[in-house]
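Single-structure report; data block below.
Bear in mind these aren't lab numbers, they're just calculated from the coordinates by the rules spelled out. What you are looking at is a predicted structure, and each value in this text was computed from that prediction instead of being measured. Here Cβ is always computed from backbone atoms with ideal geometry, including for glycine, and neighbour counts include all displayed protein chains.
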Amino acid sequence: MNYVSTRGEDAPKPFTAILLEGLAEDGGLFVPERYPHILLPELKAMRAMNYPQLAFAILSKFAGDIPAADLKAMIDRTYTKAIFASDDITPLRTLEPGLHILGLSNGPTLAFKDLAMQLLGNLFEYVLAKESRELNILGATSGDTGSAAEYAMRGKKGIRVFMLSPHGRTSPFQAAQMFSLQDPNIFNLAARGVFDDCQDIVKAVSNDAAFKAKHRIGTVNSINWARVAAQVVYYFKGYFAATKTNDEVVSFSVPSGNFGNICAGHIARSMGLPIKRLILATNENNVLDEFIRTGRYRVRKSSEVHATSSPSMDISKASNFERYVADLLRRDPLRLKALWGQLDATGSFDLSGEKFRDMIAATGFSSGSSTHADRIATIRGIHEDHGVIVDTHTADGIRVGLQFREQGVPMVCLETAQPAKFSETIHEALGRQPDRPAGFEKLESLPQRFEIVDADAAKVKAYIAART
């Protein structure tokens with residue numbers, strides 16, 4: 001399995017050659033030359049597998065240059081009851097016949113990002129040790145990626161983490177998860193701006209080839225292919241848990257801001273997993289919903305990005321979106337490069353005139369958006385009807401997913417975080433605080449270590465250079 005850039009100018013590379021990278025040298029994102037296809041006999045065998053076995057069966061198709069025994073050992077060390085609270089790793093909860101929530105938030109930071117990040121930490125350490133080199137990770141987070149990356153990388157040999165977050169735009173719990181870490185290899189930078197500003201800095205640094213090489217810069221954002229590949233696994237796991245035979249189809253509803261989570265679903269479907277619909281749910285920052293409905297992709301200015309009660313989706317520029325558009329355009333790098341040039345110049349592009357509905361239908365996508373009032377009503381309704389408390393992002397997914405529910409097709413809503421991370425909104429909806437998992441009772445009162453910085457790539461580069 002070799003990887004190429006969506007923009008077509010990089011030579012094909014194996015998995016370990018792109019593992020530590022963010023953007024390709026031409027500014028594109030790495031994708032496999034082709035997606036592996038799962039045939040029915042293999043799908044049948046997968047149904048009986050536990051999570052580590054399933055992860056190995058899938059990830060070995062993407063990481064062919066890692067010896068099988070080494071890859072299996074890393075996967076077995078990652079997906080354990082000690083780290084994810086159950087042998088099932090991603091337990092399925094049935095609210096009512098045909099309506100399910102896939103539990104993805106049982107890792108160390110109580111968010112779905114742990115499922116990829118915990119593996120990524122082990123993969124990074126493995127490759128760095130093999131090559132006797134160090135890595136300085138630069139990341140941007142709207143809330144959960146940062147803590148998941150930091151908990152996965154803390155104490156790892158040869159790794160430093162520089163994490164940008166929008167100052168005052170994450171929940172107090174999310175901020176405290178990052179800022180309370182005292183590990184000397186973790187650096188938290190609270191940027192004056194919104195998440196898109198943080199993400200722009202990461203891309204600007206990644207595009208500076210000389211700086212990137214000199215300071216050994218890598219990334220853990222969802223532009224990193226290994227993160228997306230690891231997330232493919234739980235779509236297979238969710239499918240098997242929600243069905244009895246491989247003749248059935250399911251639909252997945254996915255809260256989405258940066259397009260990484262649902263991109264993994266798109267890849268799973270492209271590999272042959274029987275997914276009928278991939279339902280993309282946004283909050284008030286509905287850039288992705290607008291594209292799926294209309295074909296127009298229009299990035300908002302920083303001043304137009306809403307601060308919402310599902311803050312991890314307060315994103316206007318979805319960094320993983322380029323992979324999906326590349327597939328819509330049948331991997332035509334020249335057309336894709338022209339579109340992103342237009343996006344950089346004008347802030348938008350429009351595919352509505354190119355049999356767009358047929359293109360979207362072929363990938364199984366539907367979409368919708370949710371408001372704060374919708375979230376409150378959904379959290380309250382799910383609790384009243386089923387005795388379950390969901391977080392604000394999962395509520396967005398359930399709200400939009402139910403709009404596309406079909407008779408006879410199981411609906412699996414992806415849980416993205418535990419409600420304790422967004423206690424203010426839970427209290428508004430239910431008149432009570434959500435329970436806190438053990439060890440997080442006094443998180444916000446712990447000493448915090450972070451620096452407030454301008455959203456300026458040059459200043460962030462200087463900060464990194466002074467510490468590497």
- Query: Amide H of Leu135: which non-local residues (sequence gap of 5 or more, or other chain) have their own amide H closer than 5 Å, using H built in the peptide plane?
  - Reply: Ile159, Arg160
- Query: Over all Cα pairs of the chain, how is the pair count split among 10 Å bins, expressed in % and running from 0 up to the last occupied bin?
  - Reply: 4, 22, 34, 29, 11, 1
- Query: If you place +1 on the Cβ of every Lys and Arg and -1 on the Cβ of every Asp and Glu, how big does the dipole about the Cα centre of the range 44-189 come out, in debye to the nearest 20?
  - Reply: 140 debye
- Task: Counting only C-alpha contacts under 8 Å and six or more residues apart, can you give the relative contact order of the chain as a whole percent?
- Result: 19 percent
- By count of other Cβ within 10 Å, fewest leading, how are Tyr239, Tyr234 ordered? Tyr239, Tyr234
- Query: Once you charge only the Cβ atoms, +1 for Lys and Arg and -1 for Asp and Glu, what is the size of the charge dipole of the chain about its Cα centre, to the nearest 20 debye?
  - Reply: 620 debye
- In nm, to one decimal, how far is the modelled label at Tyr463 from the one at Glu96, with both set 7 Å along Cα→Cβ? 4.8 nm
- Between the residues Ser370, Tyr324, Ala190, the Cα farthest towards the positive end of the dipole of the chain, that dipole coming from +1 and -1 charges on the beta-carbon of Lys, Arg, Asp and Glu, is from Tyr324
- Here the FRET efficiency for Thr371 versus Leu39, based on Cβ atoms and R0 = 51 Å and rounded to 0.05, is 0.75
- Task: Using label points projected 7 Å from each Cα along Cα→Cβ, tell me how many nm separate Thr363 and Glu304, to one decimal.
- Result: 2.1 nm
- Item | Ranked Ile223, Ile360, Ile18, criterion: other C-beta atoms within 10 Å, fewest first | Ile360, Ile18, Ile223
- Message: Can you say what percent of the DSSP beta bridges in the chain, counting only those with both residues inside, are antiparallel? Round to 5.
- Response: 25 percent
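Taking R0 as 22 Å, what's the FRET efficiency between Thr245 and Ser86 from their Cβ-Cβ distance, rounded to 0.05?
Details: r = 25 Å, r/R0 = 1.12.
That gives a FRET efficiency of 0.35.
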- Whole-Å distance, taken between Cα centres, linking the range 186-254 and the range 283-361: 17 Å
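Which GluC sites (Glu not before Pro) in the range 1-84 sit in a loop by DSSP (not H, G, I, E or B) and have at most 11 other Cβ atoms within 10 Å of their own Cβ?
Working: sites: Glu9, Glu21, Glu25, Glu33, Glu42; in loops: Glu9, Glu21, Glu25, Glu33.
Those satisfying the criteria are Glu33.
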- Message: Loop by DSSP (not H, G, I, E, B), at most 13 other beta-carbon atoms within 10 Å: where is the longest site-free stretch of the chain for trypsin sites (Lys or Arg not before Pro)?
- Response: 35-132
- Item | For the range 1-67 versus the range 109-171, the gap between their alpha-carbon centres in whole angstrom | 20 Å
- Under 15 Å Cα-Cα from Lys44, which aspartates and glutamates qualify once same-chain neighbours fewer than 8 residues away are excluded? Asp247, Glu248
- Query: Taking amide hydrogens as modeled 1.01 Å from N in the peptide plane, which residues meet the under 5 Å criterion relative to Ser253, leaving out close sequence neighbours?
  - Reply: Ile279, Val412, Cys413, Leu414
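Among Asp88, Asp196, Asp344, which comes first, second and so on when ranked by fewest other beta-carbon atoms within 10 Å?
Numbers: Asp88 15, Asp196 24, Asp344 10.
Neighbour counts put them in this order, fewest first: Asp344, Asp88, Asp196.
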- Query: Taking the range 407-468, which GluC sites (Glu not before Pro) meet the DSSP loop condition and have no more than 14 other C-beta atoms within 10 Å?
  - Reply: Glu441
- Item | Mean residue ellipticity (222 nm) of the chain, computed from DSSP H runs ≥ 4 via -39,500 (n - 2.57), nearest 500 | -13000 deg cm²/dmol
